[in-house]
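Colleague: Pasting in a structure now, in structure tokens, and then I'll have a few things to ask.
The values are calculated or read from the model by the stated rules, or taken from the named source; none is laboratory data. Since this is a predicted model, take the numbers as computed values, not measurements. Backbone-built Cβ (ideal geometry, glycine too); neighbour counts: all protein chains shown. Surface areas here come from the heavy atoms of the whole protein model, side chains and all, with no ligands, DNA or RNA. Shrake-Rupley method; radii C 1.70, N 1.55, O 1.52, S 1.80 Å.
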Amino acid sequence: MPKLQGFEFWSRTLRGARHVVAPMVDQSELAWRLLSRRHGAQLCYTPMLHAQVFVRDANYRKENLYCDVCPEDRPLIVQFCANDPEVFVQAAFLAQDYCDAIDLNLGCPQMIAKRGHYGAFLQEEWDLLQRMIQLAHEKLSVPVTCKIRVFPEIDKTVRYAQMLEKAGCQLLTVHGRTKEQKGPLSGAASWEHIKAVRKAVAIPVFANGNIRSLQDVERCIQDTGVQGVMSAEGNLHNPALFEGRSPAVWELAEEYLDIVRLHPCPLSCVRAHLFKLWHHTLQVHQQLRDELAKVKTLEGIAAVSHALKLRCQEDMSRQEEGVQPAGDLPFFHWICQPYVRPGPREGSKENCGGCSKRALEEEEGSTEGLSKNKQKKQLRNPHKTFDPSLKPKYAKCDQCGNPKGNRCVFNLCRGCCKKRAFKETADCPGHGLLFKTKLEKSLAWKGTQPGRQEPPQVGSGAPGAFSEVIGSALA
């Protein structure tokens, strides 16, 4: 059967999906996808998978895809991050029989993506992306799709999308934020960019960004002309978003836990979902926050969730008629809320001239600007500082750039030193590596044993001067 493309692929294979659950690391696992499908989601993505790890590690493939096969979990798109055409296609080959399409992540803006050279940090490397998409389009039996972020300029974003389409991309998801728009500096997504892309390409387009309710979904489709709308954070806070409902939190929490019992997943994923669902209630009943963070079993998490349900029901019974929800919430805390992205502290962006998230956190060195994780570290160690200028400076390894050993004879880190010392059959006392010494002792011991006249074969790795030592030892 020939591979379907473009709108035929969207209408037949993806069944004309309009409500889409985004790929989310450690969050869009099978149990969550099944919950979302029960409540209006028509298409789901796997969490982003690392192509290189997927190729080399059978356990990674098993844990993240092969064990998650479920007839109800279709249509399904598997997303990879990659920066090498061959590796991307090898990973896609291993996954294509378990999904309906392969997606290339070109939208991740996080620092880990920058260090790994993937996601949104490939968006300027058009030649590389063209080769990756072309090769996947030619070799795979399923279509290849892309998820991108926009450039500040609409015309460059349009040319970027057209390049991906020409290379063989069959469906494009456009997140209407730039790669710099993240964390406290996210801001609103630009539907104008998405609309311009939709008009310029002849393949289906999904929109991502500014989706808090079903009304936003319908308005986005109407304003931009896209074929579907993808939700990430909105879906995590209210999995019934695509149904247009805001149910009681415990209703969805209990349903999710029941699914997890049938389709187990890491406890860290379950805990993260419960923190998102119960977010506003945990601000009211903070003592249960610590309990949810500490429990070590699924049943323990379920017990905390049940305790939160009872607290909410007590709050409901005491609720006076006509009283409005606290703060700016549209509903009371026990109801699933629309997700509102938190902005930077008032005036912080203007005061620091559009500084980065890290600069915001380290402003004036005060604990108020530190993340919660850093504040916890400072509580444990009051003398700890997060000022970059006070961090110790380490000499770098000559090969990999990691900190080198101060007493290394090769001026390398331990990993690089071990490889070189083994290759050259040398010693490095600074790292406690004694390949040369141990070999000499071994040869000397074997020379004293009766019946051991023939010396062992010495590998080609023992060169030069050390071969003379071996020769003298054997003489």
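Colleague: Residues to consider are Ile133, Ile148; find the one that is surrounded by 19 or more Cβ atoms within 10 Å (Cβ to Cβ), at pLDDT 95 or above, within 20 Å of Pro47 (Cβ to Cβ) and not hydroxyl-bearing (Ser, Thr, Tyr).
Modeller: Checking each option against the conditions leaves just Ile148.
Colleague: Can you name the number of the only condition in (1) within 28 Å of Arg115 (Cβ to Cβ); (2) outside any helix (DSSP H, G or I) that Cys417 fails?
Modeller: For Cys417, the exception is condition (2).
Colleague: While we're looking at this one, here's another question. When the residues of the range 396-413 are filtered to those that are without any contact (Cβ under 8 Å) to a residue 12 or more places away in the chain and assigned to a loop (DSSP other than H, G, I, E, B), which remaining residue is most open to solvent (accessible area, probe 1.4 Å)?
Modeller: It comes out as Lys404.
Colleague: Right, something else. Count, please, the residues in the range 73-92 that happen to be part of a loop (DSSP other than H, G, I, E, B) and either at pLDDT below 95 or farther than 17 Å from Gly40 by Cα (or both).
Modeller: Residues meeting the conditions: 3.
Colleague: Give the range 36-53 a look and list any residue that's in a helix (DSSP H, G or I), touching a Phe, Trp or Tyr at 6+ places or on another chain (Cβ under 8 Å) and surrounded by fewer than 23 Cβ atoms within 10 Å (Cβ to Cβ), or say none.
Modeller: Residue satisfying the conditions is Val53 alone.
Colleague: Can you tell me which residue among Phe206, Phe242 is of a type in the set (Phe, Trp, Tyr), under 26 Å from Gln110 (Cα atoms) and either touching a Lys or Arg at 6+ places or on another chain (Cβ under 9 Å) or surrounded by 20 or more Cβ atoms within 10 Å (Cβ to Cβ) (or both)?
Modeller: The unique qualifying residue is Phe206.
Colleague: Let me ask something else about it. Restricting attention to the range 193-240, report how many residues are in a helix (DSSP H, G or I) and of a type outside the set (Gly, Ala, Ser).
Modeller: Qualifying residue count for the region: 21.
Colleague: Please go through the range 37-55 and give me each residue that is closer than 24 Å to Gln215 by Cα and touching a helix residue (DSSP H, G or I) at 6+ places or on another chain (Cβ under 6 Å), ordered by number.
Modeller: His39, Gly40, Ala41, Cys44 - these are the residues of the range 37-55 that are closer than 24 Å to Gln215 by Cα and touching a helix residue (DSSP H, G or I) at 6+ places or on another chain (Cβ under 6 Å).
Colleague: Does at least one position in the range 108-126 carry a residue that is touching a Ser or Thr at 6+ places or on another chain (Cβ under 9 Å) and part of a helix (DSSP H, G or I)?
Modeller: yes
Colleague: On to the next question. Go through (1) more than 19 Å from the chain's Cα centre (by Cα); (2) among the hydrophobic types (A, V, I, L, M, F, W, C); (3) open to solvent by less than 80 Å² (accessible area, probe 1.4 Å) one by one and return the number of the condition Val69 breaks.
Modeller: For Val69, the failing item is (3).
Colleague: Please determine whether any residue of the range 325-346 is in a loop (DSSP other than H, G, I, E, B), within 30 Å of Gly430 (Cβ to Cβ) and modelled with pLDDT of 75 or more.
Modeller: So far as the range 325-346 goes, no, none of its residues is in a loop (DSSP other than H, G, I, E, B), within 30 Å of Gly430 (Cβ to Cβ) and modelled with pLDDT of 75 or more.
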